[in-house]
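The structure under discussion appears below in the form of structure tokens.
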Amino acid sequence: MNNIQISASILSADLSNLAAVTEGLEHSGVDMLHFDVMDGHFVPNLTFGMPVLAAIDHCTNLFLDVHLMITNPLQYVEQFAKAGADLITFHLESDSDPEETIRTIHAAGAQAGIVLKPGTSWETAIPFLPMVEVVLVMTVEPGFGGQSFLWKMIDKVEALHQYAEAHGLSYRIEVDGGINAETAPHVLRAGAELLVIGSYLFRQADPKSAMDAIRENARKLQQA
Ligand code: DX5
Ligand code: ZN
């Protein structure tokens with residue numbers, strides 16, 4: 001079933017030393033680096049943008065997974081692709097036209113994904129599902145790290161997984177918010193493949209063992 005990949009959200013990392021952070025993440029065996037862009041308008045928080053992404057791109061070979069929590073993603077996707085984004089996800093609740101935004105991301109050479117806030121129904125994504133590589137299901141309200149997982153979102157992951165199977169679509173389901181050793185098995189069982197892990201990862205004394213344990217659990221689930 002799932003080809004599990006871990007995308008480490010650097011929102012909770014030591015931002016004073018991103019080169020060391022990315023090196024540590026590579027060592028702990030994560031597959032991607034999750035980069036949360038917030039504009040203080042689409043969400044009430046502000047984070048970082050293209051220059052910081054470009055700086056990270058220069059010091060790592062990790063796949064860069066860029067999550068845009070901004071009001072007008074279409075205006076910026078080309079710049080994020082140029083700054084090194086390998087995957088760009090944007091919210092369906094933003095002001096940009098989804099089809100045009102997906103086309104622009106692809107034309108810029110990156111993979112494209114759509115994101116659903118907890119209050120947005122999975123059916124809203126249907127028209128765009130054949131066009132994207134990833135569907136990101138927010139399992140907390142976007143804006144801040146360290147929040148508690150919203151258990152109701154499991155149903156949304158399941159519905160999107162079943163839809164992909166029923167229609168022969170190849171998008172992968174990513175989950176973001178409150179993912180840890182306890183919640184990971186549930187989202188994996190529901191059909192998620194990409195796990196964004198932020199505060200849980202950076203709380204670990206030994207991040208590599210923690211990530212290995214999550215992978216080991218996933219393997220057991222696959223065999224069960
Ligand atoms: C929240 C961000 C997340 C956040 C996840 O808006 O999109 O990527 O960093 O952090 P945790 O894993 O702490 O919930
Ligand atoms: Zn995110």
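Of the helices (runs of 4 or more DSSP H) contained entirely in the range 159-224, those carrying at least 2 residues that are closer than 25 Å to residue 133 by Cα, without any contact (Cβ under 8 Å) to a residue 40 or more places away in the chain and within 16 Å of ligand 1 (Cβ to nearest atom) fall at 184-190. Residues that are under 18 Å from the mean Cα position of the chain (by Cα), of a type outside the set (Asp, Glu), outside any loop (DSSP other than H, G, I, E, B) and within 12 Å of ligand 2 (Cβ to nearest atom): does the range 44-62 have at least one? For the range 44-62, residues under 18 Å from the mean Cα position of the chain (by Cα), of a type outside the set (Asp, Glu), outside any loop (DSSP other than H, G, I, E, B) and within 12 Å of ligand 2 (Cβ to nearest atom): absent. Any residue that is small (Gly, Ala, Ser), surrounded by 15 or more Cβ atoms within 10 Å (Cβ to Cβ) and modelled with pLDDT under 95 - is there at least one of those in the range 41-64? Checked against the condition, which is being small (Gly, Ala, Ser), surrounded by 15 or more Cβ atoms within 10 Å (Cβ to Cβ) and modelled with pLDDT under 95, the range 41-64 yields no hits at all.
Can you tell me which of 148, 209, 170, 121 is within 16 Å of residue 5 (Cβ to Cβ) and out of contact with any strand residue (DSSP E or B) (no Cβ under 9 Å at 6 or more places or on another chain)? None of the other options fit; the residue is 170. Taken over the range 3-42, residues that are within 15 Å of the chain's Cα centre (by Cα), within 16 Å of ligand 2 (Cβ to nearest atom) and not in a strand (DSSP E or B) amount to 5.
The condition (being at pLDDT 95 or above, within 16 Å of ligand 2 (Cβ to nearest atom), touching a helix residue (DSSP H, G or I) at 6+ places or on another chain (Cβ under 8 Å) and not aromatic (Phe, Trp, Tyr)) is satisfied by just one residue among 114, 126, 105: 114. One residue is enough: does the range 83-103 have a residue meeting the conditions hydroxyl-bearing (Ser, Thr, Tyr), within 14 Å of ligand 1 (Cβ to nearest atom) and in a strand (DSSP E or B)? The answer is yes, given that some residue of the range 83-103 is hydroxyl-bearing (Ser, Thr, Tyr), within 14 Å of ligand 1 (Cβ to nearest atom) and in a strand (DSSP E or B). Every condition in (1) under 28 Å from residue 44 (Cα atoms); (2) buried (at least 17 other Cβ atoms within 10 Å of the Cβ); (3) touching a helix residue (DSSP H, G or I) at 6+ places or on another chain (Cβ under 8 Å) holds for residue 178 except the one numbered (3).
Looking at the range 65-82, which of its residues are in a loop (DSSP other than H, G, I, E, B) and buried (at least 20 other Cβ atoms within 10 Å of the Cβ)? Across the range 65-82, the qualifying residues are 70, 76. Just so you know, in the range 83-113 the residues that are aliphatic (A, V, I, L, M) and buried (at least 22 other Cβ atoms within 10 Å of the Cβ) include one that is nearest to residue 69 (Cα to Cα), and it is 88.
Across the range 123-172, the qualifying residues are those that are surrounded by 14 or more Cβ atoms within 10 Å (Cβ to Cβ) and small (Gly, Ala, Ser), and the one among them that is farthest from residue 38 (Cα to Cα) is 164.
The values are calculated or read from the model by the stated rules, or taken from the named source; none is laboratory data. Just so it is clear, the model here is predicted, and its values are computed rather than measured. Neighbour counts run over all protein chains shown; Cβ positions are idealised from the backbone, glycine included.
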